[in-house]
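These notes are about the structure you will find just below.
The values are calculated or read from the model by the stated rules, or taken from the named source; none is laboratory data. Since the model is a prediction, treat every value here as computed from it, not as a measurement. We place every Cβ from the backbone using ideal geometry, glycine too, and count neighbours over all the protein chains shown. Each accessible area value is taken on the protein alone, full model and side chains, heavy atoms only, with ligands, DNA and RNA left out. Shrake-Rupley method; radii C 1.70, N 1.55, O 1.52, S 1.80 Å.
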Amino acid sequence: MAHADTVARLTTLRNEIRRHDNLYYVKDKPEISDTEYDRLFRELIDLERRHPDLVTPDSPTQRVGAPPLEELVKVPHEQPMLSLDSIIDQSEVQAFDQRMKRELETSSVEYSAEPKFDGLSVELRYDHGIFTRGATRGDGTTGEDVTINLRTIRSLPLQLHVQSGFPDHLVVRGEVYMRLDDFQALNRRMTERGDDAFANPRNAASGSLRQLDSTITATRPLVVTCYEIMAASTPVPPTHWDELEMLAQWGLPVPVLRRLCASIDEVMAFHRDTESMRDQLPYEIDGVVVKVNRLEWQARLGMKSRSPRWAIAYKFTPRKEITIVQDIAVSVGRTGTLTPVALLKPVEVGGVTISRATLHNADEVARKDIRVGDTVKVERAGDVIPAVAERVPVPGEQRSPPFCMPDHCPVCGSKVGREGAYFYCTGQLVCGAQLKGAIEHFASKHALNIEGLGKKTVAQLVDEGLVRSLGDLYRLTKADLVQLEGFADRSATLLLESIAGSKTVSLDRFLMGLGIRQVGQHIAKVLAREFSSLEEIMSADRERFQQIREVGPEISESLVAYWSEPRNRDVITQLQGSGVQVAPGMGVHDRRESPLTGQTFVFTGGLDRFTRDEAQRAVEAAGARVASSVSKKTSYLVVGRDPGSKLDQARALGVTVLTEQDFAALIGKDGKGLSSRG
Ligand code: IVH
């Protein structure tokens with residue numbers, strides 16, 4: 001392609017992608033399928049890769065994140081970012097209206113009302129229509145520069161719409177938040193990975209935006225909505241309502257649920273209407289913001305030290321209700337974590353009847369001092385799982401003894417282990433609550449690597465009662481399998497073959513498969529190297545484990561707790577009885593190892609299709625590892641956009657250099673990219 005044609009094609013692609021981003025993320029009216037969108041995106045990535053000099057900072061490809069920062073830089077706001085006074089009673093709204101009328105010496109005031117989003121406030125700056133800087137509110141005078149993180153938010157235009165003409169300099173205020181369904185999915189992903197879940201969507205939004213590594217932000221489903229022009233180099237419309245219209249014309253997302261109210265009665269109606277749909281909204285709001293519509297009047301009313309006189313946050317009744325704790329039960333999760341749950345006298349909170357609420361963990365129960373019989377406040381805050389917020393002391397009440405976590409698992413009776421505030425059932429392989437998780441883990445790639453035994457099949461086998469313990473896997477017959485939905489003669493044969501094929505297994509894989517806490521792939525290998533047989537490991541004591549350099553007190557503790565549970569030993573006996581043979585040492589020459597096992601990857605430059613995290617996980621999933629610097633031991637250097645000095649080092653050392661595309665192909669991930677929406 002001639003240079004001019006390339007430039008033209010790049011412009012067309014970028015404009016098209018921006019238009020579709022706006023239709024999809026802002027207007028909620030997509031015109032093309034995700035596949036078509038991905039095709040456009042991929043074409044842009046390819047073209048930019050071939051012409052790195054033509055990559056512009058406002059290109060949609062630049063949303064994927066930049067190298068991590070040392071810290072978030074403090075930046076002064078152009079205008080102070082005020083906060084709002086909040087009220088909750090009707091009488092206070094009436095009083096607000098009276099005050100406005102009195103100060104403006106008028107008999108009627110028009111208001112613009114919109115939801116109060118439960119997120120975090122940001123300042124967005126556009127110079128010549130290009131998004132140049134974004135900051136958090138901070139203390140109102142100084143915030144943190146989160147520009148590169150904001151760039152990853154798809155509903156935020158990196159460029160304003162030209163057709164509508166915009167001021168050369170524009171500062172807008174908005175709110176960054178997370179939708180409830182996205183929040184729940186994110187928390188699910190976090191807990192599956194063993195990370196702590198966020199308490200509510202607001203914390204999730206804040207934690208995601210204030211990341212040092214913007215590639216992490218890029219994977220977080222943040223959205224933004226704008227509600228104020230804070231500064232502009234050209235005159236702005238005369239009312240707040242028109243201001244929102246103007247923002248929308250520039251391509252900025254604005255609150256959809258807004259109402260122009262001719263009187264305070266209409267404001268109250270809007271408050272009522274909005275509160276009644278609160279639970280159906282896909283995002284969390286905690287009230288409505290009422291603003292005097294005429295900007296000239298706003299200016300006349302002015303501000304107090306921290307808040308404007310012309311606006312008010314009219315909050316909803318908090319979704320907290322008082323009830324009684326009838327009992328405290330303990331539930332066991334898929335990974336064996338014990339969670340105390342308050343069984344409540346049923347109470348309606350925000351339109352939903354609640355009879356159970358989580359108490360999170362033993363420390364929380366102790367901190368809030370919640371006991372059976374107590375009067376408590378329960379809340380549904382953002383997250384759908386209700387929680388006990390606090391105890392309400394009742395004068396003269398007779399309290400029961402403090403709550404204690406059980407010594408034995410309420411589901412399977414195995415002993416309970418402890419790691420800090422977390423208690424867990426040590427009977428991983430025998431506990432009904434953990435059985436599915438335990439089998440999936442046992443069958444997983446780095447453990448017994450039983451192909452065809454994925455989540456769905458495991459669920460079927462357990463739900464149908466065909467597998468009650470790991471040993472049962474080896475007793476399955478074709479007749480058992482073909483009765484399951486989705487199984488035919490051939491698929492049943494294949495699964496039985498791969499189960500049979502896992503009967504001889506190296507010690508490290510077997511240990512890994514048991515799912516002993518703190519014993520992942522690495523420690524399993526360390527143990528397999530150190531001990532000559534499974535029996536030796538089973539009879540080792542704490543001191544023996546601690547002699548190993550990589551094994552600290554927590555790991556030793558976990559190993560000892562595991563082997564001291566007779567039921568875990570029974571599982572091993574059963575497995576051995578079913579013909580499973582654990583070969584001493586490590587499975588270095590294991591036929592199931594991938595060709596990348598043991599290789600070392602180093603990355604340099606920005607990746608388009610993967611976050612660094614995803615790339616790392618893919619490498620590790622293939623049995624290889626990621627290092628931070630190039631050396632003679634490096635197997636591959638993966639080169640992204642704007643590579644650093646590592647590329648020269650790699651060339652000097654003769655290390656194989658891969659493009660991102662080569663890398664994707666090598667790990668079998670080509671065709672799957674981050675450009676995908678959602
Ligand atoms: S207007 C000077 N409008 O509420 C007026 N604020 O309690 C500035 N908020 O820090 C705020 N939704 O983060 C405004 N539609 C909305 C809002 C909103 C949420 C937040 C904002 C502010 C806090 C004040």
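A search for C-beta distances below 9 Å between a residue of region 3-23 that is more than 14 Å from Ile45 (Cα to Cα) and part of a helix (DSSP H, G or I) and any residue that is open to solvent by less than 20 Å² (accessible area, probe 1.4 Å) and among the aromatic types (Phe, Trp, Tyr), counting only pairs 6+ apart in sequence or on different chains, returns His20/Tyr37; Asp21/Tyr37.
Yes or no: Glu31 under 20 Å from Thr132 (Cα atoms), assigned to a loop (DSSP other than H, G, I, E, B) and not small (Gly, Ala, Ser)? Full working, then the answer.
Details: under 20 Å from Thr132 (Cα atoms): no; assigned to a loop (DSSP other than H, G, I, E, B): yes; not small (Gly, Ala, Ser): yes.
No; evaluated as a whole, the condition is false for this residue.
Within region 178-208, the set of residues being at pLDDT 85 or above, open to solvent by less than 40 Å² (accessible area, probe 1.4 Å) and out of contact with any strand residue (DSSP E or B) (no Cβ under 8 Å at 6 or more places or on another chain) comprises Leu180, Phe183, Ala185, Gly207.
Taking the condition away from the ligand (no atom under 16 Å from the Cβ), over 29 Å from the mean Cα position of the chain (by Cα), open to solvent by 40 Å² or more (accessible area, probe 1.4 Å) and not polar (S, T, N, Q), does Arg102 pass? So Arg102 fits the description; yes. Within the set Val122, Val171, Val146, the sole residue that is surrounded by 15 or more Cβ atoms within 10 Å (Cβ to Cβ), under 20 Å from Asp286 (Cβ atoms) and within 16 Å of the ligand (Cβ to nearest atom) turns out to be Val122. Taking every residue in region 258-275 that is over 20 Å from Tyr227 (Cβ atoms) and pairing it with any residue that is among the polar types (S, T, N, Q), at least 6 positions away or on another chain, yields no pair with a Cβ-Cβ distance below 6 Å.
Identify all residues within region 209-232 that are more than 16 Å from the ligand (Cβ to nearest atom) and either small (Gly, Ala, Ser) or surrounded by fewer than 16 Cβ atoms within 10 Å (Cβ to Cβ) (or both); write none if there are none. Don't jump to the end; show me each part of the working.
So the first thing to find is which residues in region 209-232 are more than 16 Å from the ligand (Cβ to nearest atom), and the list is 211-221.
Of everything in region 209-232, those that are more than 16 Å from the ligand (Cβ to nearest atom) and either small (Gly, Ala, Ser) or surrounded by fewer than 16 Cβ atoms within 10 Å (Cβ to Cβ) (or both) turn out to be Leu212, Ser214, Ala218.
Does region 498-530 hold any residues that are assigned to a helix (DSSP H, G or I), farther than 15 Å from Val560 by Cβ and either open to solvent by 30 Å² or more (accessible area, probe 1.4 Å) or free of Cβ contacts under 8 Å to residues at least 60 places away in the same chain (or both), and which are they? Don't jump to the end; show me each part of the working.
Taking region 498-530 as the starting set, the residues that turn out to be assigned to a helix (DSSP H, G or I) are 498-501, 507-514, 521-530.
Filter once more, so that each one left must be farther than 15 Å from Val560 by Cβ: 498-501, 507-510, 512-513, 521-522, 524-526, 528-530.
Scanning region 498-530 gives Ser498, Ile499, Ala500, Gly501, Gln521, His522, Ala524, Lys525, Val526, Ala528, Arg529, Glu530.
Pairs linking a residue in region 611-625 that is at positive phi to a residue that is open to solvent by less than 70 Å² (accessible area, probe 1.4 Å) and of a type in the set (Gly, Ala, Ser), with Cβ atoms under 9 Å and 6 or more positions apart or on different chains, are Gly623/Ser594; Gly623/Gly598.
Is it the case, given these coordinates, that Val236 is assigned to a strand (DSSP E or B) and within 16 Å of the ligand (Cβ to nearest atom)? Quick ask: steps written out before the conclusion?
Numbers: assigned to a strand (DSSP E or B): no; within 16 Å of the ligand (Cβ to nearest atom): yes.
Criteria not met by Val236.
If only residues of region 129-140 that are in contact (Cβ under 8 Å) with a residue 24 or more places away in the chain and in contact with a strand residue (DSSP E or B) (Cβ under 8 Å, 6 or more places away or on another chain) are counted, the one that is farthest from Thr152 (Cα to Cα) is Gly138. Selection of region 423-473 for residues being among the small types (Gly, Ala, Ser), more than 16 Å from Gly333 (Cβ to Cβ) and either touching a strand residue (DSSP E or B) at 6+ places or on another chain (Cβ under 9 Å) or assigned to a loop (DSSP other than H, G, I, E, B) (or both) yields Ser444, Ala447, Gly452, Gly454, Gly465, Ser469. When only residues in region 379-411 that are within 30 Å of Phe117 (Cβ to Cβ) and part of a loop (DSSP other than H, G, I, E, B) count, which is modelled with the lowest pLDDT? Among them, the one singled out is Asp383.
Taking region 310-359 as the search range and keeping residues that are open to solvent by less than 20 Å² (accessible area, probe 1.4 Å) and in a loop (DSSP other than H, G, I, E, B), which one is farthest from His441 (Cα to Cα)? Checking each candidate, the answer is Phe316. Filtered by the rule that a residue be under 20 Å from Pro584 (Cβ atoms) and either surrounded by 20 or more Cβ atoms within 10 Å (Cβ to Cβ) or at pLDDT 90 or above (or both), region 542-559 gives Arg544, Phe545, Gln547, Ile548, Val551, Leu559.
Restricting the search to region 79-95, which residues are within 14 Å of the ligand (Cβ to nearest atom) and either part of a helix (DSSP H, G or I) or modelled with pLDDT of 90 or more (or both)? Matches in region 79-95: Pro80, Met81, Leu82, Ser83, Leu84, Asp85, Ile87.
Confirm whether Glu451 is within 19 Å of Gly579 (Cα to Cα) and either among the acidic types (Asp, Glu) or modelled with pLDDT of 95 or more (or both). Before you say what the answer is, go through the steps one by one.
Details: within 19 Å of Gly579 (Cα to Cα): yes; either among the acidic types (Asp, Glu) or modelled with pLDDT of 95 or more (or both): yes.
Criteria met by Glu451.
Here Tyr562 passes the criteria (1) in contact (Cβ under 8 Å) with a residue 24 or more places away in the chain; (2) part of a loop (DSSP other than H, G, I, E, B); (3) open to solvent by less than 40 Å² (accessible area, probe 1.4 Å) except the one numbered (2).
Residues of region 125-143 that are part of a strand (DSSP E or B) and within 16 Å of the ligand (Cβ to nearest atom): Gly134, Ala135, Thr136, Thr142, Gly143. Count of region 234-260 residues, restricted to those that are in contact with a strand residue (DSSP E or B) (Cβ under 7 Å, 6 or more places away or on another chain), over 22 Å from Asp273 (Cβ atoms) and open to solvent by 70 Å² or more (accessible area, probe 1.4 Å), is 1.
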